[in-house]
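The values are calculated or read from the model by the stated rules, or taken from the named source; none is laboratory data. Note that the structure is a prediction, hence the values are computed from the model and not measured. Virtual Cβ from ideal backbone geometry, glycine too; neighbours counted across all protein chains shown. With ligands, DNA and RNA removed, areas are computed over all heavy atoms of the protein, side chains included. Shrake-Rupley method; radii C 1.70, N 1.55, O 1.52, S 1.80 Å.
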Amino acid sequence: NILITVPLPYLLGQPNKLSSLPLQIPDALLMERDKRARWQGIPVLLKRLYESSHPNSDMTQIHSFVKELSSLLSMEAMSIVTEERKTPQESTFPNTYTFDLFGGVDLLVEILMRPTLTTQKDVPKMSDDLVKDCLSVLYNCCICTDGVTKSLASRDDFILFLFTLMSNKKTFLQTATLIEDILGVRKEMIQLEDIPNLAGLVQSFNQQQLANFCRILSVTISEPDVGVDDKHTLLARNAQQRANAGPSRAEVNQVALLNIPGFVERLCKLATRKVSEASGTSSFLQELEDWHTWLDNALVLDALMQIASDEAEQSSTESSDESSLAASPLGHRLPQSMKIVHEIMYKVEVLYVLCVMLMGRQRNQVHRMLAEFRLIPGLNNLFDKLIWRKNTSSHVLHGQNQNCDCSPEISFKIQFLRLLQSFSDHHENKYLLLNSQELNELSAISLKANIPEVEALVNTDRNLVCDGKKGLLTRLISVMKKEPAESSFRFWQARAVESFLRGATSYADQVFLLKRGLLEHILFCIIDSGCKSHDVLQSYFDLLGELMKFNLDAFKRFNKYVNTDEKFQIFFNQINSSLVDSNMLVRCIVLTLDRFESQTEDMRVVEVLSECCLLSYMARVENRLSFLFRLINIINVQTLTQENVSCLNTSLVVLMLARRRGKLPFYLNALREKEYAEKYPGGLLNNFHNLLRFWQHHYLNKDKDSTCLENSSCIPFTYWKETVAVLLGSDRTCPYAIASYIDEAYMDLDRDF
């Protein structure tokens, strides 16, 4: 009687899990309690399953129990998928909760792994269907009951065992789905090298399996903090790098994949293969919107496609009317459109893996492979028909590293643009984004300007560039100019085009883009489109800076477009709205002004200097000082991130150019006067001194960043280092040392970071 009225977990002092309980209680008592607790007979079934599962068990009997349990749990799991419930609760999913409470999860893991743990010969072999049903039940528990996934994720032996099941095509789908869920919550990244015969396993996959495997790989090759990379302070990141001096697990996993023969080549083929277009694709986009809300991954889609195909074979007389979609989700007309969705989702995963590997330590090796296997020409051939269709739905802009729950088509476009950005960024292979005619156009621009061709352009293998009338970069600019004003794709498009211009400034590259109306488009977006998004504005300011730097034609075009005081005021209001977003453009104007002022023997330069409102504004020293004050004031060592450290470098550029012209003491004294005017003596200069100390600590230990600084400013890095050292000098009689301008009472120069 006590057992019937008191909740069993509390009776036995085990409120979390009662794995051995069914064995300890007579059937009659379990059944009696079952009626009141509404356990649906699950504890009794688990007791039967446990009693029948031993090394020489009758697998048919085991399977019958598993199937019966599966039927009790599957509807709860389906409600998670269809209703998009995010937080499992025991009250919402009582059957799954009961199954786990009475040790069902542990029992199924034991049943699955038993053949690998026994030394006994002639153990009955588990059928593929039994394995699939066990995996499906475990997956249902993971998505319905909080804690199950984490529990499984803590078992290395089980995870590695699951990978071995992927070699069987019949159990691949259920295994991959479960592994993806488990790895998603695991704190410590697995090492791919620990997977038995990894190379053989991957090489055994067909293309469909390999694409789904990429979903799992994305968790194993991305750095754990990638989701909040820009939010981590540089102090924290530097400390983390010092603590983990060697290659990270993600980097080791990337190398393991690169060492698998044919792996990258197969990914390139997957990314670039064409999709057979179905007739009646006008409803394609609507179907995407209808389906993506609950088809949250390609693995679920795989299963639904198989069911849909089976249904189509059984009933060829079903209606193909579009209105049947809601009434019959797996109706006769769906397989073809689902295949298109499927292909897009595959490509999202594949492009993500390639993108991550492009940003890793093995970047140059990956670049050579992607060029050799013609990834860029292949994507160019897909651009109009698949990647950038005319119908583009709008979406909310996510941060660069945030998870995105957009429809497959939107995710595909974003991933494509991120890949282009990674591919072009500071790499000579960027010219593969053009076709042969466009490469000839670049050569002609250099010839007309009487300047040598860029070495990377000369070395580009013409057999590996884009085919057709337009290269990929030109196609991208065409759709960028047609993008609706409110579209957040503008952010990713601008980032991708800007990456093509990054590095040492190339006049021919700039003119190539100027001739395609890019500058006017950017100015329209900043001034006339009413754009309010900081992310989009930042991407356009950065692109504008790269496009205009040291380029006379660009400044002429700017002056022609910004031809009224009203437009100029709107433009500068946008700049001033956030210097973190616009400081790269400010840096471009300051650098260009300095160069043009040293070329006044050229009458074209004199003309631009006298006529351009932008250069005239920056030529006034009080305006440069205003920017300098604000750039130093909006950052400090504790708040420096990868995103805002550019403000520190822009302020340094202003002072380096002043030092070249013997004006450094004037600027430092102006900072001092500003402090006293603001009634905060020592505030600006102490902060700047600490920032420069951090600058030395950060940049003098990193090769890449120093190269980027030198290339983007055309100022030798040695001059950067010298200027910082002079500013940090301890001699208070030196007019170039910050310490000379801080009264001793307010000095705070050696603060610990």
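Points to keep in mind about this one:
- Phi to ³J(HN,Hα) by Karplus 6.51 cos²θ - 1.76 cosθ + 1.60 over the stretch 146-152, Hz, x for Gly, Pro: 4, x, 5, 4, 5, 4, 5
- For the stretch 648-753, the list of trypsin sites (Lys or Arg not before Pro) that fall in a loop by DSSP and count at most 15 other C-beta atoms within 10 angstrom reads Arg661, Lys663, Lys679, Lys702, Arg732, Arg751.
- Across Lys532/Lys560; Lys413/Lys556; Lys481/Lys532; Lys532/Lys663; Lys385/Lys549; Lys430/Lys549, pairs whose alpha-carbon gap is larger than 26 Å: Lys413/Lys556; Lys532/Lys663; Lys385/Lys549
- Estimated inter-spin distance, Gln203 and Lys663, nm [label 7 Å along Cα→Cβ]: 6.5 nm
- Fraction of accessible area attributable to carbon and sulfur, the stretch 604-662 (%, probe 1.4 Å): 46 percent
- Spin-label pair Asn701-Tyr746: with each label point 7 Å from Cα along the Cα-Cβ axis, the two points sit 3.2 nm from one another.
- Gain on full stretching of the segment that runs from Lys556 to Glu678 - 0.36 nm per residue minus C-alpha separation: 40.1 nm
- Segment Ser71-Gln437, extension gain: residue separation times 0.36 nm, minus the distance between their alpha carbons: 125.5 nm
- Rounded accessible area per residue of the stretch 402-507, 1.4 Å, Å²: 40 Å²
- Shown for the stretch 142-256: the carbon plus sulfur share of the solvent-accessible area, taken with all protein chains present and a 1.4 angstrom probe, equals 51%.
- Percent accessible area from carbon and sulfur atoms, the stretch 433-519, protein chains only, probe 1.4 Å: 52 percent
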